[in-house]
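The values are calculated or read from the model by the stated rules, or taken from the named source; none is laboratory data. Remember, it's a predicted structure, so these values are computed and weren't measured experimentally. So basically every Cβ, Gly included, is an ideal-geometry build from the backbone, and we count neighbours across all protein chains shown.
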Amino acid sequence: MTENIKITCDSCENDITYTANCRGYILCLNVEAQTPSSGIVTLMHVSPPIESRKHFCGLGCLKRWVMKNVTLPEDIK
């Protein structure tokens, strides 16, 4: 049995599961763990910057979501 999966924009909440009659694209923001480059590591608590994968209609929705949900360092505002 195939499960229907609905994808909703995490900014504007529009249904972006399908496009019209042509190929379309959406943005997906995902966190992936990095592997240490050497055998020596420091044990510390590290939290991912986002808790789960996020989907967006495009750059405009991604920007609005970042401005609302992320505290940016001064050097990249």
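Quick rundown of the values:
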{"item": "Number of the exception - L72 against (1) of a type in the set (A, V, I, L, M); (2) surrounded by fewer than 10 Cβ atoms within 10 Å (Cβ to Cβ); (3) under 14 Å from the mean Cα position of the chain (by Cα)", "result": "(3)"}
{"item": "Members of region 1-36 found to be farther than 26 Å from P73 by Cα and of a type in the set (S, T, N, Q), listed by number", "result": "T2, N4, T8, N14, T17, T19, N21"}
{"item": "Pairs where the first residue, in region 11-33, is within 21 Å of S52 (Cα to Cα) and the second is surrounded by 12 or more Cβ atoms within 10 Å (Cβ to Cβ) and of a type in the set (K, R), C-beta under 7 Å, 6+ apart", "result": "S11/R64; L29/K54"}
{"item": "Tally, over region 1-49, of residues that are surrounded by fewer than 10 Cβ atoms within 10 Å (Cβ to Cβ), touching a strand residue (DSSP E or B) at 6+ places or on another chain (Cβ under 9 Å) and in a loop (DSSP other than H, G, I, E, B)", "result": "1"}
{"item": "Among (1) assigned to a loop (DSSP other than H, G, I, E, B); (2) at pLDDT 80 or above - the single one W65 does not satisfy", "result": "(1)"}
